[in-house]
1. Suppose the filter is open to solvent by less than 50 Å² (accessible area, probe 1.4 Å), within 20 Å of L119 (Cβ to Cβ) and either modelled with pLDDT of 95 or more or in contact with an Asp or Glu (Cβ under 6 Å, 6 or more places away or on another chain) (or both); does I337 pass it?
2. Can you confirm whether L260 is over 14 Å from the mean Cα position of the chain (by Cα) and at pLDDT below 95?
3. Looking at this structure, is K205 open to solvent by 50 Å² or more (accessible area, probe 1.4 Å), within 22 Å of the chain's Cα centre (by Cα), closer than 23 Å to S328 by Cα and of a type in the set (D, E, K, R)?
4. If only one of S20, S71 is more than 24 Å from L133 (Cα to Cα), out of contact with any Cys (no Cβ under 6 Å at 6 or more places or on another chain) and in the same structural domain as L324 (by the TED database), which one is it?
5. Collect the residues in segment 224-256 that are open to solvent by 10 Å² or more (accessible area, probe 1.4 Å), in contact with a Leu (Cβ under 8 Å, 6 or more places away or on another chain) and not polar (S, T, N, Q), keeping them in residue-number order.
6. Got a number for residues in segment 291-313 being free of Cβ contacts under 8 Å to residues at least 60 places away in the same chain and either surrounded by fewer than 15 Cβ atoms within 10 Å (Cβ to Cβ) or not assigned by the TED database to the domain that holds E109 (or both)?
7. Only one of S240, S281, S316 is at negative phi, in the same structural domain as L196 (by the TED database) and of a type in the set (S, T, N, Q); which?
8. May I ask you to verify whether A173 is under 24 Å from L76 (Cβ atoms) and open to solvent by less than 20 Å² (accessible area, probe 1.4 Å)?
Amino acid sequence: MFAITINDKGIQTMKAIVISEPGEADVLELQEVDDPIIKDDEVLIKVVATALNQADTVQRKGSYPPPKGASPYLGLECSGIIEAVGVNVSCWNIGDQVCAILAGGGYAEKVAAPAGQLLPIPPGVSLKDAASLPEVACTVWSTVFMTSRLSRGETLLVHGGSSGIGTFAIQIAKYQGARVFITAGSDEKLAICKELGADVCINYKTEDFVARVKEETDGKGVDVILDSIGAPYFQRNLESLNFDGRLFSIGSTGGDVTQLDFRSLFAKRLTVQAAGLRNRSPENKAVIVSEVEKIVWPAIAAGKVKPVIFKYLPLSRAAEAHKLMESSNHIGKILLIP
């Protein structure tokens, strides 16, 4: 039985992480706030765990505001138990164990989520650990497969192979029959990526990834690149692609502005794409979630794709979790437990 907290105005309340002001990690504070109010097509989830994403640190600094109408609190995914359902929700019931992608609000005891953005807990994965899956699964599947159309026998390069996105991308790409290249910044991270199935592991601090890619592909290049670095890697990524290659950008942690030599696109018929998950419409997210459940969840159930979790921390230690993420000393996902 969950405890119910009511403030002096008679409103049910919960604990959530609040950004006291834009800034470094210590601006994150655990405060008492009003419970979410669900819409007709939403469910209320009692959060068992939420996971950190790089976007959380950017929002904390004031550079990535939530979409209009979304929760003001951090947290783009969670796992938990449905506590209430909207009047138009027929596919989920109170008591169901689920995980979900969110536009915000995961760093809290409760969160409202559109019914179309929920996924069942995959067989063999604990309710707590399932919080590590929705954002990476939906991001990787929608970019690498739905949009960039990575196919069996093709090659994929993932920058940041030891990140949450990277560790998931390695596993699902191998499951789909691709050859996987990754970059990472330490021998320990390279070793983990190798264990997860990466075929070619490149230390970006000591090796030129363009030269190594060309060497490993007989000068051709890879077919798809998933990049979160942005400007510093842009031209080098284009140089690393094969004919008809596809570059998909999901972030710009290294810089936002660069120059483009169009000749490099024309010569090899390259495609450059970019997108995030958070600002997509609920309808678009529902399409992605449906594909993930049909195609990715069976791979997890079969044990071919597994959560990679670095550390669990109490929600009250969100600032510590953000510092850990920004240190880049982690491998896989960091989870917060309310």
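1. When the stated conditions are applied, I337 passes them.
2. Yes: the conditions hold for L260.
3. no
4. One residue alone meets the criteria, S20.
5. F234, D244, R246, I250
6. So the answer is 3.
7. S240
8. yes
The values are calculated or read from the model by the stated rules, or taken from the named source; none is laboratory data. All values derive from a computational prediction rather than experimental measurement. So basically every Cβ, Gly included, is an ideal-geometry build from the backbone, and we count neighbours across all protein chains shown. What goes into the accessible areas is simple: the full protein's heavy atoms, side chains included, and nothing from ligands, DNA or RNA. Shrake-Rupley method; radii C 1.70, N 1.55, O 1.52, S 1.80 Å.
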